[in-house]
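The values are calculated or read from the model by the stated rules, or taken from the named source; none is laboratory data. Treat the numbers as computed from the prediction; the structure is a model and nothing was measured. FYI the Cβ positions are ideal-geometry reconstructions off the backbone, even for glycines, and counts take in every protein chain you see. Keep in mind that these areas ignore ligands, DNA and RNA; they rest on the heavy atoms of the full protein, side chains included. Shrake-Rupley method; radii C 1.70, N 1.55, O 1.52, S 1.80 Å.
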Amino acid sequence: NREALELFKDAHPFPAICGRVCHHPCEGVCTRESVEAPLAIQHLHRFLADADLESADKYIPGVEEKREEKIAVIGSGPAGLSAAYFLARKGYGVTIFEKLPVAGGMMAVGIPEYRLPRDVLAAEIRVIQEMGIEIKTGVQFGEDITLDSLNEEGFKAVFLATGLHKSRDLSIEGEDLPGILEGVGFLRGVALGDTPEFGKKVIVIGGGNVAIDVALSAKRIGAEEITLVCLEKREEMPAWDYEVEEALEEGITIMNSLGPKRFLEREGRFSGVEFMACTSVFDDRGAFNPSYDETDLSTLEGDTVIVAIGQAADLSFAEKSGIQ
């Protein structure tokens, strides 16, 4: 078990996390299938990691002889933690600066706790800290620290790993009404115990895994009627098939082939969405380029709508710091 874990950790710092959340596409093309069955790689990783984390002498990867150079990593998500991990193994001194009060990035504030238990996440991050990496939370790049201040502190390089923590918007009428929430912000609020106000009847717009996580998270914190609406036909939805099945099993209603035209209001608050039929999501070349029948309209009423149609980088720090 230890030998297998060490082999894994040569390539990757998070076997326990991947063993829970990876959708393991490699199993679908595993050549072992021609002999018997594909290797159950996700479950193997989970088993290896859990056995190690529960043991008295858990494996802490070794680091090479200490180097003089210090490296700053901005962001403690999967990219920042992985960069720090591999730099530390080569002997560099690494400090990670994280804007949020918790480390983990989207693993902590994007993936819901029912998919990735927080004690598992904390345990794998603790291994990284035990390798000598310092993590400072509640420190915002561009505000609390800058390239200049890091330079003055003697950091020889800076790795920017700030993630995609901004929700894409729809740019349609009524988007600024009270009762309209961003998918990524909603998940972050739930994860940090700062749940935004929402009603009993929730509409989720989006057809990907984040939209499903939003819908299932809303259900867990008290939403009674949840409808997920997306442009794609059921078989075109970008969410993985088993995630769609889970949503249906938990009583989420899924409506396909509809695109939002405008948000409706009643007494100054969100009250529903007017949808138009989506006739095709992709153009002749297979690019995302939806077409609609604007004469085929329908309305769905709700107390709250959560928009989860994709993510973007918040690069406001770069403008302040003059980073291209």
The one condition in (1) in contact (Cβ under 8 Å) with a residue 12 or more places away in the chain; (2) farther than 19 Å from T146 by Cα; (3) open to solvent by 50 Å² or more (accessible area, probe 1.4 Å) that E54 fails to fulfil:
(1)
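With touching a Pro at 6+ places or on another chain (Cβ under 8 Å), at pLDDT 95 or above and hydrophobic (A, V, I, L, M, F, W, C) as the only criterion, which of F263, F270 stands out?
When all the criteria are applied, what remains is F270.
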Inspect all residues belonging to region 91-103 and state whether any of them is assigned to a loop (DSSP other than H, G, I, E, B), open to solvent by 60 Å² or more (accessible area, probe 1.4 Å), over 22 Å from R20 (Cα atoms) and without any contact (Cβ under 8 Å) to a residue 12 or more places away in the chain.
no
How many residues does region 57-78 hold that are over 23 Å from M107 (Cα atoms) and among the β-branched types (V, I, T)?
1
Which of (1) out of contact with any Asp or Glu (no Cβ under 8 Å at 6 or more places or on another chain); (2) open to solvent by 50 Å² or more (accessible area, probe 1.4 Å); (3) more than 15 Å from I17 (Cα to Cα) is the odd one out, the single condition Y114 does not satisfy?
(3)
Given the criteria assigned to a loop (DSSP other than H, G, I, E, B), under 17 Å from the mean Cα position of the chain (by Cα) and either touching a residue at least 60 places away in the same chain (Cβ under 8 Å) or more than 21 Å from Q311 (Cβ to Cβ) (or both), does P112 qualify?
yes
Return the residues of region 277-321 that are touching a Phe, Trp or Tyr at 6+ places or on another chain (Cβ under 7 Å) and open to solvent by less than 20 Å² (accessible area, probe 1.4 Å); say none if nothing qualifies.
A277, C278, V281, T304, V305, I306
Would you call I212 farther than 24 Å from P117 by Cα and crowded, with 19+ Cβ neighbours inside 10 Å?
no
Being open to solvent by 10 Å² or more (accessible area, probe 1.4 Å), under 30 Å from G28 (Cα atoms) and either of a type in the set (G, A, S) or in contact with a strand residue (DSSP E or B) (Cβ under 9 Å, 6 or more places away or on another chain) (or both) narrows it down to one of L248, L258, so name that one.
L248
Filter region 75-90 for residues that are open to solvent by 10 Å² or more (accessible area, probe 1.4 Å) and part of a helix (DSSP H, G or I); which is nearest to A161 (Cα to Cα)?
A79
Only one of these conditions is not met by R89: (1) under 25 Å from S149 (Cβ atoms); (2) in contact with an Asp or Glu (Cβ under 7 Å, 6 or more places away or on another chain). Which number is it?
(1)
Examine region 33-40 for a residue that is among the β-branched types (V, I, T) and in a helix (DSSP H, G or I), and state whether such a residue exists.
no
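Pick out the one residue from A247, A312, A239 that is touching a Ser or Thr at 6+ places or on another chain (Cβ under 8 Å) and either of a type in the set (A, V, I, L, M) or at negative phi (or both).
Criteria check complete, one pass: A312.
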When region 1-34 is checked residue by residue, the ones that are more than 21 Å from M106 (Cα to Cα), open to solvent by less than 50 Å² (accessible area, probe 1.4 Å) and of a type in the set (G, A, S) are A4
Index of the failed condition, E124 passing every other in (1) under 28 Å from E250 (Cβ atoms); (2) touching a Ser or Thr at 6+ places or on another chain (Cβ under 7 Å):
(2)
Of everything in region 135-157, what is of a type outside the set (A, V, I, L, M) and either within 27 Å of D50 (Cβ to Cβ) or surrounded by 13 or more Cβ atoms within 10 Å (Cβ to Cβ) (or both)? Give them in sequence order.
K136, T137, Q140, F141, G142, T146, F155, K156
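Mind telling me which of the residues A49, A72 ends up being more than 25 Å from G189 (Cα to Cα), assigned to a helix (DSSP H, G or I), hydrophobic (A, V, I, L, M, F, W, C) and in contact (Cβ under 8 Å) with a residue 60 or more places away in the chain?
Details: A72 fails: assigned to a helix (DSSP H, G or I).
Criteria check complete, one pass: A49.
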